[in-house]
Amino acid sequence: MSFFDHLDVLRKHLIRAVIAIAVFTGIAFYFNEEILDKIIFGPKKPDFWTYRMMCKLVEHFPSLGKDMCITKINGEIINTEMAGQFNLQLNVCVMCGIVVGFPYLLWEIWRFIKPALHENERKSASGFVFFASVLFIIGIFFGYFVVCPLSVNFLTGYTVSAEIKNTFTVDSYLSSVATLTLGTGIIFELPVIIFILSKLGLMTPKLMRSSRRYAAVIILIIAAIVTPTPDIMTMLIVATPLFLLYELSIFVSAYIEKRRKRLMLLSTLTNKNITNRIHNSL
């Protein structure tokens, strides 16, 4: 196939993915009231699941301090544009369509790449769509139930002067929720990225182990950016899964390197046996 033929095949895969996302977006439009009230504005309500669990932790462990039990979320969300609420509804539904349709998008990409792989490469990467989708979903849940509510609580209650009242536009609120949630989902794809880089020979477990201290600093910086809260505990809550993901990525890279060495050894032994057979036949 020529380059343009490949582009045409890719276009067909992407069109099917876009159609699937459009279908999920339409379904989100049908349930838009429940999605807006219970999901999007959930972290803004004091009865949100995360806040209730934090209060239960305080009940069982009073030493954590009463400040950890959140019973009120400050700030008020307002609309300052004529089409603000319509844009909010549209953006929320499209975002939901992308999140739900993400596994199907990965599957279409996999179907495009699969014919170009050798048989052993197909077998080793057969679980790409499943693991990438699972990690993305776990990241979405972690971002929505941990990162997002902690950040919303801090940002809505943060003041530098009693003369300033916290009021936020719907665009600002949605942007924060989407960035924290989707950003965490993307960050959780680290093992998949390391898997691809290791297959390409660009990443090795030795390099990752030697760079662990630098990775720790980068992870702490990312956690500090994602959770703009002043307390170290919140930052560590976010940083801990990232540390675990990095260690998992080292394990993945080590597995790929071990598999590559085993295949190279098997290939060498096979070539040696063939050479010996030829020599014996002569």
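Taken together, the values in this text are just the output of simple stated rules run on the coordinates, not laboratory data. Please read these numbers as outputs of a predicted model, since none were measured by experiment. No Cβ is skipped: glycine too gets one built from the backbone with ideal geometry, and neighbour counts run over all protein chains shown.
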>> Name the residue that is farthest from Thr179 (Cα to Cα), counting only residues in segment 1-33 that are more than 24 Å from the chain's Cα centre (by Cα) and charged (D, E, K, R).
In response: Asp5
> Of all residues in segment 42-80 being assigned to a loop (DSSP other than H, G, I, E, B) and touching a residue at least 60 places away in the same chain (Cβ under 8 Å), which is nearest to Pro149 (Cα to Cα)?
Replying inline: Phe48
> In the set Ala17, Ala22, which member is in contact with a helix residue (DSSP H, G or I) (Cβ under 8 Å, 6 or more places away or on another chain) and exposed (fewer than 14 other Cβ atoms within 10 Å of the Cβ)?
Replying inline: Ala22
>> Checking the conditions here, which among Gly97, Gly75 is surrounded by 15 or more Cβ atoms within 10 Å (Cβ to Cβ), touching a strand residue (DSSP E or B) at 6+ places or on another chain (Cβ under 9 Å) and not charged (D, E, K, R)?
In response: Gly75
> For segment 171-219, how many residues meet the condition of being within 16 Å of Val99 (Cβ to Cβ) and free of Cβ contacts under 8 Å to residues at least 12 places away in the same chain?
Replying inline: 2
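I'm trying to understand the selection: among the residues of segment 148-168, which are of a type outside the set (Gly, Ala, Ser), surrounded by 15 or more Cβ atoms within 10 Å (Cβ to Cβ) and out of contact with any strand residue (DSSP E or B) (no Cβ under 6 Å at 6 or more places or on another chain)? I'd like the intermediate steps shown before the answer.
Residues of segment 148-168 of a type outside the set (Gly, Ala, Ser): 148-150, 152-156, 158-160, 163-168.
Adding the requirement that they be surrounded by 15 or more Cβ atoms within 10 Å (Cβ to Cβ) leaves 148-150, 152-156, 168.
Cys148, Pro149, Leu150, Val152, Asn153, Phe154, Leu155, Thr156, listed by residue number.
Which fully enclosed helices (runs of 4 or more DSSP H) of segment 108-192 have 3 or more residues being under 24 Å from the mean Cα position of the chain (by Cα)?
Values: elements: 119-124, 128-142, 148-157, 170-187.
Helices (runs of 4 or more DSSP H) meeting the threshold: 128-142, 148-157, 170-187.
Please find, among Tyr104, Tyr144, the residue that is crowded, with 17+ Cβ neighbours inside 10 Å, among the hydroxyl-bearing types (Ser, Thr, Tyr) and closer than 25 Å to His6 by Cβ.
Numbers: Tyr144 fails: closer than 25 Å to His6 by Cβ.
One residue alone meets the criteria, Tyr104.
Within segment 65-90, count every residue that is hydroxyl-bearing (Ser, Thr, Tyr) and under 12 Å from Ser172 (Cβ atoms). Full working, then the answer.
Of the residues in segment 65-90, the ones hydroxyl-bearing (Ser, Thr, Tyr) are 71, 80.
Now narrow it down to the ones that are under 12 Å from Ser172 (Cβ atoms): 80.
Counting residues in segment 65-90 that are hydroxyl-bearing (Ser, Thr, Tyr) and under 12 Å from Ser172 (Cβ atoms) gives 1.
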